[in-house]
Structure formats: structure tokens, C-alpha cells
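A.B. asks: So that we are looking at the same thing, I have put the structure below in C-alpha cells.
The values are calculated or read from the model by the stated rules, or taken from the named source; none is laboratory data. All values reported here derive from a predicted model rather than from experimental measurement. Here Cβ is always computed from backbone atoms with ideal geometry, including for glycine, and neighbour counts include all displayed protein chains. We work out accessible area using only protein heavy atoms, side chains counted, and drop any ligands, DNA or RNA first. Shrake-Rupley method; radii C 1.70, N 1.55, O 1.52, S 1.80 Å.
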Amino acid sequence: MARVIRGLLAALLLLPLFAQAGGIEVRQFDDPVTEQRYQDLTASLRCPKCENQAIGDSDSPIAGDMRDRVYVQLQDGRSDKEILDFMVSRFGDYVLYNPRLEGRTLLLWGLPAALVLLGALVVVLMVRARRRSSARALSAEERDRLDALINRERTE
């Protein structure tokens, strides 16, 4: 009886190790360059199910399917661009972490630069306006008032 309990306890303690080992995928590559391309592609493609997680890091079934497709296409000799085009045609632009520069994404790429330039322009205009307002001469009424204040201080 004690032997059975020890066996069950050992199995319970080792269960997390076996659960993690089930998620590891073993891929065979002919050369390290292809393996590096696989790693780069799976890191640059976003899982459609997971929130901001690359398919290389995701445990979802769809990410596993996408990794399989990347692997098969690499083995078929396709280029990175062909593989990315296939994934975009199948899952949409969302799967790309870095969207392509196209007419549809021009605003996405140009808006941050435009906002920085607009902010710089606003700062320059504010600095110029302050310089002009501080450098303008006093009117006759303002001089008379200033002289009155200075004379009042001298008499007191």
C-alpha cells in the first residue's frame, strides 16, 4: 500500500514536467540558416487567437498549425516573402507584427511622424510668441504707470 502511495505521489510531482514536454515541438532542419529563418518567421507572425503573442511562443492550436505551415513551406524552398504573403492571404494583415507600407497603412506609419512634427511646430510658435511679447516696447500709458510706481517707492 505504501508503495502505491509513493508511486502516485511521484507521478503527481512529475506531472508538470510531462505537461510541459508535450508542448515542445521538434523540427529537423537541413542547415542552421533554415532553422534561423524558421525562428525569425515564427517570431514575426502574430497568433490570431492570442493577444499580442508570436506563433513561436503560443500554445494555441492555430499557432501550432501556423508553425507547421511555415515549416512545410520552408522545406518546400519558399522565400520568406512568399511565406509571409501566404500567411497574410490566409489570416489577414493582423498576423504581421510590422505591417507593410501600403496605401492602407500609410496613415499608420505616417501619423506618429506627423504628430512629432506638429508638436515641434507648436513649440517653435509658442517660443516665438513669448519672445515677441516680452521684447515689445512699453506704451506711453504703461511708462507713466511704471514711473508713478517707481516714484512712489522712492518717496516712501
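A.B. asks: Here is a list: L107, L101. Which entry is at pLDDT below 90, aliphatic (A, V, I, L, M) and part of a loop (DSSP other than H, G, I, E, B)?
C.D. replies: Among L107, L101, only L101 is at pLDDT below 90, aliphatic (A, V, I, L, M) and part of a loop (DSSP other than H, G, I, E, B).
A.B. asks: Related question: Would you check which residues across region 130-141 are at pLDDT below 85 and not in a loop (DSSP other than H, G, I, E, B) and list them?
C.D. replies: Of everything in region 130-141, those that are at pLDDT below 85 and not in a loop (DSSP other than H, G, I, E, B) turn out to be R130, R131, R132, S133, S134, A135.
A.B. asks: What residue, among those in region 36-66 that are in contact with a Leu (Cβ under 9 Å, 6 or more places away or on another chain) and open to solvent by 20 Å² or more (accessible area, probe 1.4 Å), is nearest to G92 (Cα to Cα)?
C.D. replies: Out of the qualifying residues, it is R46.
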